[in-house]
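To start, the structure itself, in structure tokens.
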Amino acid sequence: MSRLVHDVEFDPAYGIAVEIRPGIRRLTARNPGPFTFHGTNTYLIGTSDLTVVDPGPQDEEHVAAILKAAEGARISTILVSHTHKDHSPAAPVLAARTGAKILGCTPHRSARELALGEINALDASADTEFRADEELADGAELNLSAGRFGVVATPGHTANHLSFALPDENLLFSADHVMAWSTSIVAPPDGSMQAYLDSLDRLSARAETVYLPGHGAPVRDARTYVAALKEHRLRREASVLAVLTATPLTIPQIVDAVYLGLDPSLKVAAALSVFAQLERLTELGHVRIDTGSGLSATYARSQ
């Protein structure tokens, strides 16, 4: 995840339901890491009848915290944004204990088919067992006790990624598509840079100005931030193209040339991001794949 700092000050307050505004609370799972920041955010919306957005990983401590936060109320609906193991696996566990209905994304799928000999670098992060009781389509409206939700398809991070709008609250639950602490990881074949940029454009056209993300603090002045995210990606793409010549380079060589002074622990994430940018540049005809496939390929500028 490449940095685009917006607001990195964040207290996960593990086990505590933090009120964002009346009727909306955030619980952060204790699953910190390089791709999850301090942990995955779960949101509880409503008062006596609750909707839970992204119940998180299959972690008993976090499920128990959700149930404790809901004491005195009924959890009737679970919304799931996408099928990564830090977001969706707790959904069937929570549903079994509460009787809630699971609504959300389709089963996990890649943005494209694997090339010959290619390995999906993020395959282990996918929750391939997730199935919603009802799959939600882009543009669907849900009139729930907790509020009026709009469904916004935002593929890019994953092919099945959804965001959930609360237009009456001027809020959008942006999951992993837009976050304040870092840019989203976009790694083919799981994700698609072109789809990610298109989804940013879709959000730019919407009215919501505050986003509640899957990791970290709220994103405020969201439309300005979304525009900055797109500009950042396009600048990075231009930097990748600038280091390419007719002589083929590997992705690690490109990372070293573009991300000067990068912490070695972040090189894997940078390589996945460069891979996504190279795939888009190849689709646009600016770059050619010289040999190999996936992360093992070499790339050169098109003649």
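The values are calculated or read from the model by the stated rules, or taken from the named source; none is laboratory data. Every value quoted in this text rests on a predicted model; they were computed, and no experiment measured them. Positions of Cβ are backbone-derived with ideal geometry, glycine not excepted, and every protein chain shown enters the neighbour counts.
Is it the case that Leu50 is exposed (fewer than 15 other Cβ atoms within 10 Å of the Cβ), more than 30 Å from Val274 (Cα to Cα) and in contact with a Lys or Arg (Cβ under 8 Å, 6 or more places away or on another chain)?
no
Pairs only if they're at least six apart or on different chains, beta carbon under 8 angstrom, first in the range 220-238 and farther than 13 Å from Val258 by Cα, second of a type in the set (Asp, Glu) and in a helix (DSSP H, G or I); list them, first residue then second.
From the range 220-238, the pairs are Lys230/Asp201.
Check Asp127, Asp54 and return the single one that is touching a Pro at 6+ places or on another chain (Cβ under 7 Å) and among the acidic types (Asp, Glu).
Unique residue meeting the criteria: Asp127.
Check Arg301, Arg202 and return the single one that is surrounded by 14 or more Cβ atoms within 10 Å (Cβ to Cβ) and under 16 Å from Gly156 (Cβ atoms).
On inspection, the qualifying residue turns out to be Arg202.
Answer yes if at least one residue in the range 99-108 is touching a helix residue (DSSP H, G or I) at 6+ places or on another chain (Cβ under 6 Å), modelled with pLDDT of 95 or more, over 14 Å from Thr158 (Cβ atoms) and in the same structural domain as Ala187 (by TED's automatic domain parsing), and no otherwise.
yes
Scan the range 180-201 and tell me whether some residue there is more than 25 Å from Ala269 (Cβ to Cβ), touching an Asp or Glu at 6+ places or on another chain (Cβ under 9 Å) and not assigned by TED's automatic domain parsing to the domain that holds Gly292.
no
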